[in-house]
Amino acid sequence: MKSTITAYGASLLVSSLAFSDYLSVVEDGYWSVQEDFGGTQVEVYVVDLYMTSDNPNDVLLNVYNFLGNHPGTYFQSMTGTGWTPTNLGGPFDTDALRYADSFVTIGGFDLSSSAPPEQIPGVASDTALDPNFGGNGASEPGPLAGWYNGFPPNLNGQAQYSARLGNLVTFIGRFSFPEAFSLEGSSFECTWNQGSGTPGTQESFIITGSPDCPDSDDDGANDCEDGCPEDPNKTEPGDCGCGVEDLDSDKDGVADCNDGCPTDPTKTSPGECGCGNEDTDTDGDGTADCVDNCPDDPEKTEPGNCGCGVPETDVFGDLDCDGDYDIDDIRLGMTNFGIEEAEEDTCPADVDGDGSIGFSDVLIILNDWGACP
């Protein structure tokens, strides 16, 4: 995420008897692509505003008489609750709420990271809006809008070192919009002191000049208008995001980065049969032929005991699957177990089993009967 940070000099519109320790307004502008509640992708241009200071004891108390020069409906995340920082946590805690939601604040954020401030649950919860703001649900701050630290003893507005800006600052708000913009020409007043019981200072500031928008990737689009300021091949994230080419190898209208079968023009996911194989279901039973062991039988996907095309039987011992238990099942069972059925005796007089009736058969019979009485 490329950031354009521009510092603007303070324009003293109202004199003050006290020495001014807040010196300027800093506008940090950058594109942000985040996921909102429900998986919606959000792409906005974000402008974060900071007051810079030369004294770590400075504590900002309020911003008031804000006159913005960029009318329009600023982006607010689906789970945000308006212009005061509110992250309810749990399922409502989204990247869009943390990094792209529009809000105003009097400090209270952790600035120790080089990344933009993160709207985590509970951060800057004491920020409040004055009546001129137009309510927490306003599309933009109203004329002469103001916001303040509702509990000054917490010192939320105290200047702290920002690793991102390399300076002492107090974070005062985030403004997000679908197009690149600047708050140039906007003005406001603010009050600060150096802790409870110390005298306050009031001054007015006006944002003058334009953000410095270099062309970091040398693609002919300046960073303020380039949705991919570090990708020379893209100016918008497209389907695959910055740094990844939106290739469509099989020309099916789905980019390879989102295509589960990037070389198969008939499929975008492997399905049951895998890329390059059709998920044909010949018998219409909801199981593709490639995994259906009875592809022509709509009642079965496995042969079972009776085989494809034959319904399974619930009759005990019905081995031939004809719906009953009879001699055919007994014979089939004997065959399955290797038991041979005895052949029918077609010549009972052939006692010796030599295939003919002869004298030897008579001798065997006489011998079996024993001696004559």
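The values are calculated or read from the model by the stated rules, or taken from the named source; none is laboratory data. Given the structure is predicted, the values throughout are model-derived calculations rather than measurements. Don't worry about glycine lacking a Cβ; one is built from the backbone with ideal geometry, like all the others, and counts go over all protein chains shown.
For this structure, a couple of remarks:
- Residue match in segment 152-172 (condition: in a loop (DSSP other than H, G, I, E, B), out of contact with any Ser or Thr (no Cβ under 9 Å at 6 or more places or on another chain), farther than 20 Å from His70 by Cβ and not small (Gly, Ala, Ser)): no
- Residues located in segment 286-297, provided they are crowded, with 16+ Cβ neighbours inside 10 Å and not in a helix (DSSP H, G or I): Thr287, Ala288, Asp292, Cys294, Pro295, Asp297
- Being under 26 Å from Asn136 (Cβ atoms) and modelled with pLDDT of 95 or more is true of Tyr74.
- Test result for Ala124, within 25 Å of Ser53 (Cα to Cα) and of a type in the set (A, V, I, L, M, F, W, C): yes
Let's see how each residue does on (1) of a type in the set (D, E, K, R); (2) closer than 27 Å to Tyr74 by Cα; (3) in contact with a strand residue (DSSP E or B) (Cβ under 6 Å, 6 or more places away or on another chain); (4) part of a loop (DSSP other than H, G, I, E, B):
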position: Gly185; (1), (2), (3), (4): no, yes, no, yes
position: Phe188; (1), (2), (3), (4): no, yes, yes, no
position: Gln202; (1), (2), (3), (4): no, no, yes, no
position: Cys242; (1), (2), (3), (4): no, yes, no, yes
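- Residues of segment 101-129 that are surrounded by fewer than 17 Cβ atoms within 10 Å (Cβ to Cβ) and of a type in the set (D, E, K, R): Asp110, Glu118.
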